[in-house]
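The values are calculated or read from the model by the stated rules, or taken from the named source; none is laboratory data. Since this is a predicted model, take the numbers as computed values, not measurements. Here Cβ is always computed from backbone atoms with ideal geometry, including for glycine, and neighbour counts include all displayed protein chains. Side chains included, ligands, DNA and RNA excluded: accessible areas come from the protein's heavy atoms. Shrake-Rupley method; radii C 1.70, N 1.55, O 1.52, S 1.80 Å.
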Amino acid sequence: MPDDKSQQTENLHHPMEEYLRMDRMPHIWCSSCGLGSILTAFMKGVKQADVDFNKVAVVSGIGCTGRVAGYVKLDSYHTTHGRAIPFATGLKLANRDLTVFVISGDGDLFAIGGNHLIHAARRNVDINVICVNNFIYGMTGGQNAPTTPLEAYSSTAPYGNYEQPFNLVGVAAAAGASYVARWSALHMRRLAESVEEMTKKKGFCFLEVISPCATVFARKNKGGTGLDLLKGYKDRSVINHNANPQEIPLDMNGEIVCGVFINKDRPTFWENVLSGTERKVKKTNLYYHDSKTKF
Amino acid sequence: MRKSDLHGEFFIQGNIACAEAALAAGCRFFGGYPITPASEIAERMAYRLPQLDGVFVQFEDEIASMASILGASWAGAKSMTSSSGPGISLMLENIGLGIMMETPCVIVNVQRGSPSTGLPTSWGQSDMMQARWGSHGDFAVIALCPKSPQEYFDLTVKAFNLSEQYRLPVFVMSDAVVGHMTEKVYIPPVDELEIIERKYTSKKPQDYLPYECEFDAVPDFAKAGDGYRYHTTGLTHDERGYPVMTEECHVKLVNRLINKIKLHADDIIMIEEKDTEDAEVIVVSYGITSRIVFPAIKIMKKKGIKVGYLRLITVWPFPEERIRQLASKVNGFVVVELNMGQVCLEVERCAKNAVTKLVPHPGGGMPQVETITQAIQEVADAR
């Protein structure tokens with residue numbers, strides 16, 4: 001019997017094996033963490049978009065989500081804390097054939113990296129940002145995040161959080177993102193669809209994914225098991241594509257409004273560079289043939 | 001890639017010469033943030049890069065600028081950023097990432113009076129140790145110090161060559177004087193410049209490991225989008241680029257990052273010497289201070305003291321061997337620098353029994369000739 005079992009296991013393959021670094025499995029994420037499903041949905045979405053996987057790059061910052069870059073079998077960069085977006089901006093602009101995804105956490109993208117996020121959205125650089133929001137700093141042991149709901153407990157908020165959290169989709173929309181969506185880790189099909197849309201879409205695309213963290217967030221906040229958290233998120237989720245992203249902040253027990261809130265076309269950074277400089281640059285070139293003319 | 005077609009003799013500012021050198025060397029990505037006294041480099045790049053199908057981005061801060069040039073380099077572009085003390089302080093963490101991931105790029109530090117905001121419009125050389133040790137951890141760096149706009153041009157080209165060859169961020173350490181000084185600069189046609197290109201792997205994707213190489217060597221590069229689908233990280237990693245949290249892996253990696261520079265220091269180091277062979281006293285200087293030691297040397301030579309001149313063109317890696325050789329023959333060294341004693345510490349370390357006398361100045365001015373002559377006299381009288 002044991003032989004049969006091992007035989008069976010050997011024949012089991014992960015459906016996304018082609019796109020994962022199987023030699024790095026098992027991954028470091030806790031059981032019941034949302035990151036596994038999110039990664040699967042991400043792969044599915046990119047596959048649905050029918051792009052050449054050789055031209056897809058993933059850039060991550062630091063944290064639990066930051067480890068995504070290490071598991072995808074793509075050109076993948078695990079950079080410094082908060083700086084995935086400017087790294088990705090350089091990568092994309094120096095090779096504009098690439099599809100560049102930034103996959104990182106809420107602390108990485110909105111605390112230490114917040115400035116880069118709003119400016120990348122303002123410029124409308126053609127990169128896709130997936131922010132996995134678990135309301136807490138997981139890897140460092142449950143400290144307060146810019147997303148931790150008011151009065152929630154964390155290891156640096158032992159009396160409950162007294163800071164107002166960011167509404168991530170609101171920030172991204174206000175900064176000028178071309179595409180803004182929010183789903184939970186349970187919305188697998190919707191998530192994959194959003195990733196597909198982002199892959200195909202030009203400009204700065206932002207996707208927030210609500211993800212359960214049983215190990216620290218639930219433990220600090222009497223949230224039960226990972227499954228309990230997931231069930232809670234499922235019950236609280238409401239899909240409303242027409243919602244104003246500014247008016248749907250998240251708290252401990254209220255609705256989690258999901259949907260694609262913004263999907264508009266705005267000239268990208270590079271389109272603006274070309275339209276803004278092409279004609280004027282041609283003129284200046286006249287001056288550059290020898291040292292006798294104007295420098 | 002469109003080549004820069006600007007060549008000939010020009011009367012231009014150091015910072016402009018630096019930007020033109022970058023373009024001539026093939027730099028096609030610049031990420032930067034305004035700061036005195038380095039802004040002219042960014043301004044020039046903003047004007048010139050669109051003419052050469054390059055990319056200029058003014059970022060929200062220096063942290064982003066530094067991260068972006070790493071990203072651009074991984075996409076295959078030669079990339080650069082420029083700043084001064086406060087901006088370089090912000091870049092340090094990502095400079096460490098560049099060293100760890102072995103990313104070719106160039107960082108120009110137009111030094112000003114420090115610490116903190118210091119003297120934005122004035123000069124200094126007080127970031128020399130920052131370039132060496134600023135980012136956390138142990139590693140080796142390369143830093144070049146130009147003394148004139150012409151050398152600023154030459155060394156910026158050289159910096160790109162070294163960064164491509166050894167796969168690391170290379171510093172060009174100028175200062176507000178060299179940056180803002182206007183002098184004659186000869187820009188040769190691009191085809192006449194010695195340009196070293198990055199070594200891309202010839203292996204097939206299935207055989208390629210991004211960090212596979214000897215203990216003192218530089219791994220072959222693969223850029224994003226070419227189908228290699230490699231992983232790279234700032235974490236301690238093995239030859240696959242995968243994080244490995246073992247002592248063995250860490251020891252191997254850190255040693256190689258240091259060895260690839262340290263064991264090739266002879267090929268990297270450039271120094272200029274005059275009358276050092278029979279000298280009693282050797283005046284050591286670098287960058288702009290090398291231009292102010294001449295009057296003092298002249299005066300003391302007239303007095304009959306044998307004074308030699310040694311200029312560090314490469315400050316990091318430090319020419320330990322050469323200083324040790326000279327130390328056995330001379331009374332001592334006088335180190336003139338626009339800080340309170342940084343490179344002097346290195347000279348002292350290598351000089352052993354020879355005397356090392358520092359002529360410090362915190363920046364914003366220059367040491368007086370009399371101070372230097374006095375120091376030379378003191379060293380000559382020693383022993």
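Is one or more of the residues making up the range B:114-124 under 11 Å from the mean Cα position of the chain (by Cα), under 14 Å from B:Gln342 (Cβ atoms) and not in a strand (DSSP E or B)?
Residues of the range B:114-124 under 11 Å from the mean Cα position of the chain (by Cα): none.
Checked the range B:114-124: no residue is under 11 Å from the mean Cα position of the chain (by Cα), under 14 Å from B:Gln342 (Cβ atoms) and not in a strand (DSSP E or B).
If you filter the range B:220-264 down to residues that are part of a helix (DSSP H, G or I), of a type in the set (A, V, I, L, M) and open to solvent by less than 20 Å² (accessible area, probe 1.4 Å), you find that the one that is nearest to the other protein chains (Cβ to nearest Cβ) is B:Leu253.
Looking at A:Phe101, A:Phe87, can you tell me which residue is open to solvent by less than 10 Å² (accessible area, probe 1.4 Å), out of contact with any Gly (no Cβ under 9 Å at 6 or more places or on another chain) and closer than 19 Å to B:Tyr230 by Cα? Let's see the steps before the verdict.
Values: A:Phe87 fails: out of contact with any Gly (no Cβ under 9 Å at 6 or more places or on another chain).
Of A:Phe101, A:Phe87, the one residue that is open to solvent by less than 10 Å² (accessible area, probe 1.4 Å), out of contact with any Gly (no Cβ under 9 Å at 6 or more places or on another chain) and closer than 19 Å to B:Tyr230 by Cα is A:Phe101.
Taking the range B:102-118 as the search range and keeping residues that are of a type in the set (Val, Ile, Thr) and farther than 17 Å from B:Ile261 by Cα, which one is surrounded by the fewest Cβ atoms within 10 Å (Cβ to Cβ)? This residue is B:Thr117. Close Cβ contacts (under 6 Å, 6 or more residues apart or on different chains) running from residues in the range B:231-260 that are of a type in the set (Ser, Thr, Tyr) to residues that are in a helix (DSSP H, G or I) comprise B:Thr232/B:Met101; B:Thr236/B:Cys249; B:Thr236/B:His250; B:Thr236/B:Leu253. Here the helices (runs of 4 or more DSSP H) wholly within the range B:10-88 that include at least 2 residues being surrounded by fewer than 24 Cβ atoms within 10 Å (Cβ to Cβ) and within 10 Å of chain A (Cβ to nearest Cβ) are B:39-48.
As a summary of the residue check, A:Thr89 satisfies the conditions (1) within 14 Å of another protein chain (Cβ to nearest Cβ); (2) under 30 Å from A:Gln143 (Cβ atoms); (3) in contact (Cβ under 8 Å) with a residue 40 or more places away in the chain except for the one numbered (3). Just one residue in the set B:Glu183, B:Glu197 is acidic (Asp, Glu), assigned to a strand (DSSP E or B) and more than 28 Å from A:Gly63 (Cβ to Cβ); that residue is B:Glu183.
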